[in-house]
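The values are calculated or read from the model by the stated rules, or taken from the named source; none is laboratory data. This structure is a prediction, so every number in the text was calculated from the model and none was measured. FYI the Cβ positions are ideal-geometry reconstructions off the backbone, even for glycines, and counts take in every protein chain you see. Heads up: the accessible areas ignore ligands, DNA and RNA and are worked out on the full protein's heavy atoms, side chains in. Shrake-Rupley method; radii C 1.70, N 1.55, O 1.52, S 1.80 Å.
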There are 2 protein chains.
Amino acid sequence: MAKSTKPFGNAPLPTEAELAILQILWKLGPSTVREVHTALQSRRTGYTTALKQMQVMTEKGLLTRSERYRSHVYEARIPQEQTQLLLTRNLLQRAFDGSAKDLVLGALSAQPVSASELAEIRKMLDRFEKRNS
Amino acid sequence: MAKSTKPFGNAPLPTEAELAILQILWKLGPSTVREVHTALQSRRTGYTTALKQMQVMTEKGLLTRSERYRSHVYEARIPQEQTQLLLTRNLLQRAFDGSAKDLVLGALSAQPVSASELAEIRKMLDRFEKRNS
DNA sequence: GATTATATACGACGAAGATCGTTGACATAC
DNA sequence: GTATGTCAACGATCTTCGTCGTATATAATC
């Protein structure tokens, strides 16, 4: 029993290093280990480290792997938005006692937010307001 | 060298279990190990586990301890808002590439948000808009 | 077909986190 | 003053994460 075939749902939240790899794959699309590794200059880590990690991630259901070619091609199994949602929900529960308002406050305080970004956020609020009515 | 006396700044981000304990202390105020442990029913963990964890947290600078009484009294050393801010900033960098907008989107999508809460969020936006002008 | 370059597979290790058992100190009740 | 209960201290274990070294497969080149 492993090799889960479910969509996701059972995939665990990615760890720190796993998230870094996912970021690359979301940006580049399906990639080989080498491509991911070189895109990962920030972390001064070896090639086999990235390889191992991606293998583990595949077992966990975070990635899928195509072995058709000599160099296996990996792909994120879960879309970025889905993962962001889960991570946010997780933080919301763990640190904010479920208060979305406080989390938004945190997000805005965490770094300077441009005026245009504030405008976009307002638009989102409008959309949510309609949805709830 | 340990026993840091700085305000915080050097205190690390709390781990999962540590955050759960901090939540209790923020809510109850200064408390003994037993009080924290009983307030922590969710985690089916033993008394000594909580004790050990709080001792470690004290070494790390996350808690302070008063030994005046027979039962030591622990207190969160870092205010809740400060920790929330750091955690949010952390998530923002790790998973959202710094896009506050996407994080807000995540926060609103993570769970149903009431109309009154939306209104409060709007007020916050107003405040931020003024601040940036 | 021997050499070289590049992949993957496998296993190990160290650090950190979480959990708990045991021990010894210290009260309080009998 | 002995027994009982509560507490802090300490050390041990187990797990997860991140990291890498080594071995093995395979393709390309000479």
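Tabulated data
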| quantity | calculated |
| --- | --- |
| Shielding by partners, peptide A:75-84 (average Cβ within 10 angstrom, other chains) | 2 |
| Cβ-based charge dipole, segment B:16-76, positive-most Cα from B:GLN53, B:SER42, B:LEU25 | B:SER42 |
| Lys, Arg +1 and Asp, Glu -1 on Cβ, resulting dipole of chain A about Cα centre, debye, nearest 20 | 380 |
| Accessible area buried between chains A and B, both sides summed, probe 1.4 Å, in Å² to nearest 100 | 4400 |
| Rounded, prolate or oblate (a/c below 1.5 giving rounded, otherwise prolate when a/b exceeds b/c) for segment A:16-76 by Cα gyration tensor | rounded |
| Sequence-distant residues sharing a close amide H with B:LEU63 (under 5 Å, placed H) | B:THR58, B:ARG77 |
| Derived scalar couplings ³J(HN,Hα) [segment B:58-66; Karplus, 6.51 cos²θ - 1.76 cosθ + 1.60; whole Hz; x for Gly, Pro] | 5, 4, 6, x, 7, 10, 10, 10, 9 |
| Accessible area expressed per residue, the protein assembly as shown, with surrounding protein chains retained (probe 1.4 Å, Å²) | 58 |
| Descending semi-axes in Å of the protein assembly as shown, equivalent ellipsoid built from Cα gyration tensor | 34, 28, 18 |
| Rounded to the nearest 10 Å², the accessible area of A:PHE128 at probe 1.4 Å | 20 |
| Portion, in percent, of the accessible area of the protein assembly as shown that falls on carbon or sulfur, probe 1.4 Å | 52 |
| Principal axis dimensions, largest first and in whole angstrom, of segment A:10-133 by Cα | 53, 30, 25 |
| Heavy-atom accessible area ranking, 1.4 Å probe, most first, across B:SER42, A:SER71, B:SER99 | B:SER42, A:SER71, B:SER99 |
| Point-to-point label distance, B:ARG68-B:ASP97, nm (Cα→Cβ direction, 7 Å offset) | 5.4 |
| Shape call, segment B:63-133: gyration tensor on alpha carbons, a/c limit 1.5 | prolate |
| Pairwise label distance in nanometres, A:GLU81 with A:ASP126, each label 7 Å out on the Cα-Cβ vector | 1.9 |
| Phi-based couplings in Hz for segment B:113-127 (Karplus 6.51, -1.76, 1.60; Gly and Pro marked x) | 10, 6, 4, 5, 5, 4, 4, 4, 5, 4, 4, 4, 4, 4, 4 |
